[in-house]
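Everything below concerns the one structure shown next.
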Amino acid sequence: MSDEVAQARANENAGSTPGEARPKVVFEGVDKDFDQGGQPLPVLRGVDLTVKEGEFVCLLGPSGCGKSTLLNIAGGFESPTAGRVTIDGDPVNGPDARRVFVFQEYGIFPWASVWDNVALGLRHLGKAEQAAIIQPTIDMVGLQGFERSYPMELSGGMKQRVEVARALAVSPDVIYMDEPFGALDSLTRLQMRAEIVRIWQESQTTILFVTHDVDESIQIAERIVVLSARPGEISDIITVDLDHPRDLGSPEYGRIKNRLFETLGVSHSI
Amino acid sequence: MTATPYLILVASLGVLWFASAKMGRGRRWVMPICVAMALFVVWHIAVTAAGSEITPTPLEAGAAFAQLVKSNRLWGDVVASLFRVTAGFFLAVAVGIPLGLVVGWSTKTFEALNPIIQGLRPVSPIAWIPFAILWFGIGDGAGVFLIFLSSFFPIAVGTVAAVQNISLVHQRSAMNFGLKGVELFRRVVLPAAMPQIITSLRIALGVAWLVIVAAEMVGMDSGLGYLINDARNMGKRYDLVAATMIVIGAIGIVLDLMIRRLERFDEVRWGYAKR
């Protein structure tokens with residue numbers, strides 16, 4: 001399918017469903033094999049998924065199921081063995097500054113101050129224009145007063161906020177998050193989940209969020225896509241019909257949690 | 001009685017030792033000074049016990065040092081050695097860092113150049129002396145060339161390794177934000193490699209300071225290495241040899257302290273943080 005056709009189809013989709021968000025990131029029959037000593041190691045099999053514009057989707061699955069690989073393919077850091085990923089109808093051919101990745105191990109630059117890190121994607125603008133974006137973004141992630149600090153002087157949670165700010169500063173249309181809170185302590189992690197939901201609600205950005213944490217996915221996502229163990233296939237998609245702030249003790253929360261544990265094949269009574 | 005100064009010294013060290021309990025920041029210097037003094041005493045006892053007439057005692061070395069300072073001879077040789085080291089070192093920095101950045105970043109350049117670099121690296125700079133003199137004569141030129149050779153390899157190899165160690169997340173961040181060409185090097189490759197580059201500069205300067213003395217002993221007619229040779233050849237002045245060795249050591253320490261100051265900049269401190 002040529003780009004024009006894809007674009008036309010995307011436009012058609014947008015036009016034919018008024019009031020419905022249009023498709024943003026579309027995975028079509030994505031397979032991925034890794035090379036393991038000359039033998040192909042299947043990592044992903046037949047992933048079909050449509051993420052709608054402005055949607056917050058979690059990719060949930062056991063360690064090594066290929067969920068990070070799927071995110072790397074969408075981000076353009078790896079290419080699929082078969083199938084393809086399109087964004088707004090255009091195939092992904094490589095990393096793109098309009099779609100920003102937030103890494104688990106801090107991708108911010110330790111040699112630059114908080115301010116300069118957030119400025120990375122705005123380097124083509126004048127100083128005043130940069131400042132007009134950087135300061136509100138730093139305020140938004142709650143780092144005011146730390147503009148001149150270096151990452152080594154910050155806690156893990158603050159470093160992750162810098163990385164989120166760096167992503168938000170370019171007003172990306174998609175943010176990819178690869179277990180961004182995995183290295184944080186459990187209290188900071190809870191706080192950061194609330195923050196990311198607030199930021200998502202304010203910025204209206206499409207977010208693809210990889211996690212292996214069942215609770216995390218129910219707390220933040222609108223939709224949870226469950227991947228099976230390697231080779232990863234979509235085994236379930238659950239819509240979380242709960243308003244934010246979510247009551248972690250509600251019956252609906254418990255129901256979703258039970259279903260997720262069942263799909264993942266683990267018992268959660270210990 | 002030659003031992004009297006040492007007895008006074010030991011007595012005052014004892015006083016210092018007991019006084020140190022009440023000292024603040026200066027306290028960490030007490031032990032090193034005591035150990036150094038103890039070594040001087042051992043040196044003295046060893047020389048007198050062996051009855052050697054030609055090996056100097058520490059006092060004789062000290063007297064020779066005073067004589068060197070007074071004679072004005074020392075400063076000319078210090079400047080000659082320092083000039084060769086500085087010029088050769090900065091040339092090596094100017095060539096080694098950019099080359100290392102490119103070779104480290106580009107796989108093709110690495111495959112092409114690394115075998116040659118690794119083949120030339122094990123050749124001692126001293127082995128180049130005949131060619132250095134043939135090409136540059138017995139002057140500063142040969143010295144600068146030899147120091148360039150001795151610092152170039154640590155700097156280039158260290159920079160290549162530093163660039164190859166840049167973490168995948170930082171590379172991907174750079175790709176994600178569309179950094180390319182000069183901007184990529186200025187904003188990511190160079191700063192990411194900087195802490196390790198500074199370490200290689202430190203190693204290179206240390207090697208340069210070792211090599212210049214050897215080079216001046218073999219093939220030059222000025223500098224601290226030449227001074228050592230000259231002192232031995234002209235009347236077996238081993239006291240001057242010992243004094244010059246102490247000067248060489250002291251300058252080496254100062255050079256290292258100077259280059260270590262680079263590690264304190266905000267942009268590189270992360271690279272030395274305890275993990």
Could we say that residue B:219 is at pLDDT 95 or above and either within 14 Å of chain A (Cβ to nearest Cβ) or surrounded by fewer than 23 Cβ atoms within 10 Å (Cβ to Cβ) (or both) here? no
Any chance residue A:97 is among the small types (Gly, Ala, Ser) and either crowded, with 18+ Cβ neighbours inside 10 Å or assigned to a helix (DSSP H, G or I) (or both): no
Qualifying residue in the stretch A:243-253 (condition: within 24 Å of residue A:63 (Cα to Cα) and touching a strand residue (DSSP E or B) at 6+ places or on another chain (Cβ under 8 Å)): no
Test of understanding: among B:210, B:205, which residue is in contact with an Asp or Glu (Cβ under 8 Å, 6 or more places away or on another chain), in the same structural domain as residue B:106 (by TED's automatic domain parsing) and at pLDDT 95 or above? B:205
When residues of the stretch B:39-56 are filtered for being open to solvent by less than 70 Å² (accessible area, probe 1.4 Å) and free of Cβ contacts under 8 Å to residues at least 12 places away in the same chain, how many remain? 4
Number of positions in the stretch B:220-260 that are touching a residue at least 12 places away in the same chain (Cβ under 8 Å), part of a helix (DSSP H, G or I) and under 20 Å from residue B:55 (Cα atoms): 18
If you go through the stretch B:233-257, how many residues are open to solvent by 70 Å² or more (accessible area, probe 1.4 Å) and either hydroxyl-bearing (Ser, Thr, Tyr) or within 15 Å of residue B:78 (Cβ to Cβ) (or both)? 5
Could you tell me whether any residue of the stretch B:165-172 is under 26 Å from the mean Cα position of the chain (by Cα) and either within 30 Å of residue A:164 (Cβ to Cβ) or away from chain A (no Cβ under 14 Å) (or both)? yes
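Would you say residue B:87 is open to solvent by 50 Å² or more (accessible area, probe 1.4 Å) and either in the same structural domain as residue B:211 (by TED's automatic domain parsing) or without any contact (Cβ under 8 Å) to a residue 60 or more places away in the chain (or both)?
When the stated conditions are applied, residue B:87 does not pass them.
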Mind counting the residues in the stretch B:1-31 that are modelled with pLDDT of 75 or more, of a type outside the set (A, V, I, L, M) and open to solvent by less than 100 Å² (accessible area, probe 1.4 Å)? 2
Only one of (1) crowded, with 24+ Cβ neighbours inside 10 Å; (2) within 14 Å of chain A (Cβ to nearest Cβ) fails for residue B:227. Which number is that? (2)
What about residue A:72, is it within 12 Å of another protein chain (Cβ to nearest Cβ), modelled with pLDDT of 90 or more and open to solvent by 10 Å² or more (accessible area, probe 1.4 Å)? yes
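To keep it simple, each residue is scored yes or no on (1) open to solvent by 50 Å² or more (accessible area, probe 1.4 Å); (2) at pLDDT 90 or above; (3) in contact with a helix residue (DSSP H, G or I) (Cβ under 9 Å, 6 or more places away or on another chain); (4) under 24 Å from residue A:67 (Cα atoms).
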position: A:230; (1), (2), (3), (4): yes, no, no, yes
position: A:236; (1), (2), (3), (4): no, yes, yes, yes
position: A:240; (1), (2), (3), (4): no, yes, yes, yes
position: A:247; (1), (2), (3), (4): yes, no, yes, no
position: A:256; (1), (2), (3), (4): no, yes, yes, yes
position: A:261; (1), (2), (3), (4): no, yes, yes, yes
position: A:268; (1), (2), (3), (4): yes, no, yes, yes
Please indicate, with yes or no, whether at least one residue in the stretch A:81-92 is assigned to a loop (DSSP other than H, G, I, E, B) and at the interface with another protein chain (Cβ under 7 Å from one of its Cβ atoms). no
Here, helices (runs of 4 or more DSSP H) confined to the stretch B:138-202 with at least 3 residues that are at pLDDT 95 or above and open to solvent by 10 Å² or more (accessible area, probe 1.4 Å) are B:140-164
Here is a list of conditions, (1) within 14 Å of chain B (Cβ to nearest Cβ); (2) within 26 Å of residue B:273 (Cα to Cα); (3) open to solvent by less than 30 Å² (accessible area, probe 1.4 Å); (4) in a helix (DSSP H, G or I), and residue A:116 meets all of them except one; can you say which number that is? (3)
Going residue by residue through the stretch A:124-138, is there one that turns out to be buried (at least 19 other Cβ atoms within 10 Å of the Cβ) and either under 16 Å from residue B:173 (Cα atoms) or touching a residue at least 40 places away in the same chain (Cβ under 8 Å) (or both)? no
Pick out the one residue from B:137, B:181, B:143 that is touching a Ser or Thr at 6+ places or on another chain (Cβ under 9 Å) and away from chain A (no Cβ under 11 Å). B:143
Among (1) touching a residue at least 40 places away in the same chain (Cβ under 8 Å); (2) away from chain A (no Cβ under 14 Å); (3) open to solvent by less than 100 Å² (accessible area, probe 1.4 Å) - the single one residue B:263 does not satisfy: (2)
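The values are calculated or read from the model by the stated rules, or taken from the named source; none is laboratory data. This one's a predicted model, so the numbers in the text were calculated from it and none came from an experiment. When we count neighbours, we look across all protein chains shown, and the Cβ atoms used for this are built from the backbone with ideal geometry, even at glycine. Accessible surface is based on the protein model in full, side chains and every heavy atom, while ligands, DNA and RNA are left aside. Shrake-Rupley method; radii C 1.70, N 1.55, O 1.52, S 1.80 Å.
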